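In what follows, a single structure is set out as structure tokens and then discussed.
The values are calculated or read from the model by the stated rules, or taken from the named source; none is laboratory data. This structure is a prediction, so every number in the text was calculated from the model and none was measured. Don't worry about glycine lacking a Cβ; one is built from the backbone with ideal geometry, like all the others, and counts go over all protein chains shown. Ligands, DNA and RNA are stripped out before the accessible areas are found, and what is left, the full protein with its side chains, is counted by its heavy atoms. Shrake-Rupley method; radii C 1.70, N 1.55, O 1.52, S 1.80 Å.
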Amino acid sequence: MHPRALLDACAQLVAQVMAFDHPADAVVSRYFREHRQLGPRERATLTETVYAVLRRRRLFEHLARSGSGPRERRLAILGFPGAREFLRGALTEPEARWLEACDAVPPDALSAPHRHNLPDWLADALQAQVGDDFPALAEALLQPAPLDLRVNLLAAKRAAVREELAAAGLQAGETPYSPWGLRLAGKPAIQKLDAYTRGAVEVQDEGSQLLALLTDARRGEMVVDFCAGAGGKTLALGAAMRNTGRLYAFDTSAHRLDALKPRLARSGLANVHPAALAHERDERVGRLAGKIDRVLVDAPCSGLGTLRRNPDLKWRQTPEAVRELALRQAAILAGAARLVKPGGRLVYATCSLLREENEAIAEAFGAAHGDFAPLPAGQVLAQLKVPEAASLAAGGEGGALYLRLWPHRHGTDGFFAAIWNRRA
């Protein structure tokens, strides 16, 4: 495709995504369905351009003011990846001079908002939590996330899969914390690899793998993944149970659970029972009340821990939406807690960075449910032989009560988890 046509397409897609009517990945997917003539390279350029604009929106909009022409075109020029020589073939002479001036702006001349590229309310909330670590966190959130795989230990061993990937020309290293994970270099397409099609690996961030690990589901137990979604953690739990016992995958969205079906077929698991709930007090929950050994509640949340993958979320979420989510999270956790039998384990988790969705929910639940005793996440991780377990935990009197994963410290998405045992 000619540089001018490719830049025009980038500007068109940037305009659609920046309307923020739908998640960015859904808008990009729809655009590709409507433009099937685009090849892999054009699609990669379009995607990288859009995500660069979303990541550095405040900086790019600041720089765009000094240019001319449609705003979306200026943003697309600033976000265009790869060699400037190719891009200059699409630019007018004034645009080329403007871009050169933008490229010459030194980073230390930028204001804080143009460096961190977060909305003010989110920047303030994160700075209050991490203090002097804030610049490192903000920079980490601007980087693309790596591609992590979870090895299905029912089907293969991690070392063997790593060798198999190397034979296919893919570099993979073991994840530093999860005993199930491999981290790939780059973003290779894996859907056609034999390891993927036969169910030996699934795409899953290392932090998400650790949530399943914390649940510590065992052979022959009754386990519930209360907000299963597309089932990434469900599959990890089922493998940990060695395909024994009974594993319920609950969600209020039947559509999300539909995405679990092909993954379940690949995994070889036969102990998983998906079911759509009307709400957290559905009659199915009532029938299982007090009978479940392990309950994982990966609650619906703002998703702000996944900004490396979903940078549009920082522009689509609001403080008001977070407050509404917190009310829902508290209700879901209370509903799921009814399932846990005496002596059983309850895990509450989110992929949010915000205290309002994390520690605040856990503290309120603990205060209202004296029959649930908190378990220090650092202690549980150490028992599970997770390397550097103490570095993954924070909060509470001992400083290790909750799992707290940060992109700048741990190289994972941002995750939180709190653990309780129901008193016998």
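Look through 201, 130 and report the one residue that is touching a His at 6+ places or on another chain (Cβ under 9 Å) and among the β-branched types (Val, Ile, Thr).
Answer to the selection: 130.
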Self-check item: Condition broken by residue 208, with the remaining ones in (1) among the polar types (S, T, N, Q); (2) more than 22 Å from residue 413 (Cα to Cα); (3) buried (at least 24 other Cβ atoms within 10 Å of the Cβ) satisfied
Solution: (2)
Practice problem: Identify, from the list 139, 174, 163, the residue that is modelled with pLDDT of 95 or more and either within 30 Å of residue 288 (Cβ to Cβ) or out of contact with any helix residue (DSSP H, G or I) (no Cβ under 9 Å at 6 or more places or on another chain) (or both). | Solution: 163
Quiz item: All but one of (1) in contact with an Asp or Glu (Cβ under 6 Å, 6 or more places away or on another chain); (2) within 26 Å of residue 336 (Cα to Cα) hold for residue 405; which doesn't?
Solution: (1)
Practice problem: Output the residues belonging to the range 365-412 that are farther than 19 Å from residue 178 by Cα and modelled with pLDDT under 95. | Solution: 395, 396, 397, 398, 399
Exercise. Taking the residues in the range 70-86 that are in a helix (DSSP H, G or I) and over 32 Å from the mean Cα position of the chain (by Cα) as candidates, determine which candidate is farthest from residue 45 (Cα to Cα).
Key: 85
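Suppose we keep only residues that are among the charged types (D, E, K, R) and open to solvent by 50 Å² or more (accessible area, probe 1.4 Å) within the range 150-176. Which one would you say is nearest to the chain's Cα centre (by Cα)? Give the steps one after another, and end with the answer.
Within the range 150-176, the subset among the charged types (D, E, K, R) is 150, 157-158, 162-164, 174.
This time we only want the ones that are open to solvent by 50 Å² or more (accessible area, probe 1.4 Å), so: 157, 162-164, 174.
Details: 157: 25, 162: 23, 163: 27, 164: 26, 174: 19 Å.
Applying the filter and picking the extreme gives 174.
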Quiz item: Only one of these conditions is not met by residue 287: (1) surrounded by fewer than 16 Cβ atoms within 10 Å (Cβ to Cβ); (2) among the basic types (Lys, Arg); (3) in contact with a Lys or Arg (Cβ under 8 Å, 6 or more places away or on another chain). Which number is it?
Solution: (3)
Exercise. Taking the residues in the range 102-111 that are surrounded by 11 or more Cβ atoms within 10 Å (Cβ to Cβ) and part of a loop (DSSP other than H, G, I, E, B) as candidates, determine which candidate is farthest from the chain's Cα centre (by Cα).
Key: 105
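May I ask you to say which residue of 52, 76 is among the small types (Gly, Ala, Ser), buried (at least 20 other Cβ atoms within 10 Å of the Cβ) and more than 21 Å from residue 306 (Cβ to Cβ)?
Details: 52 fails: more than 21 Å from residue 306 (Cβ to Cβ).
Exactly one of 52, 76 is among the small types (Gly, Ala, Ser), buried (at least 20 other Cβ atoms within 10 Å of the Cβ) and more than 21 Å from residue 306 (Cβ to Cβ), namely 76.
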Practice problem: Name the one entry in 344, 238, 335 that is under 28 Å from residue 366 (Cβ atoms), assigned to a helix (DSSP H, G or I), open to solvent by less than 40 Å² (accessible area, probe 1.4 Å) and not β-branched (Val, Ile, Thr). | Solution: 335
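Can you tell me which residue among 122, 99, 182, 154 is outside any loop (DSSP other than H, G, I, E, B), within 30 Å of residue 237 (Cβ to Cβ) and touching a helix residue (DSSP H, G or I) at 6+ places or on another chain (Cβ under 8 Å)? Show your work before the answer.
Details: 122 fails: within 30 Å of residue 237 (Cβ to Cβ); 99 fails: within 30 Å of residue 237 (Cβ to Cβ); 154 fails: outside any loop (DSSP other than H, G, I, E, B).
After applying the criteria, what remains is 182.
Among the candidates 221, 206, single out the residue that is within 29 Å of residue 382 (Cα to Cα), of a type in the set (Asp, Glu) and more than 21 Å from the chain's Cα centre (by Cα). Working first, answer last.
Details: 206 fails: more than 21 Å from the chain's Cα centre (by Cα).
One residue alone meets the criteria, 221.
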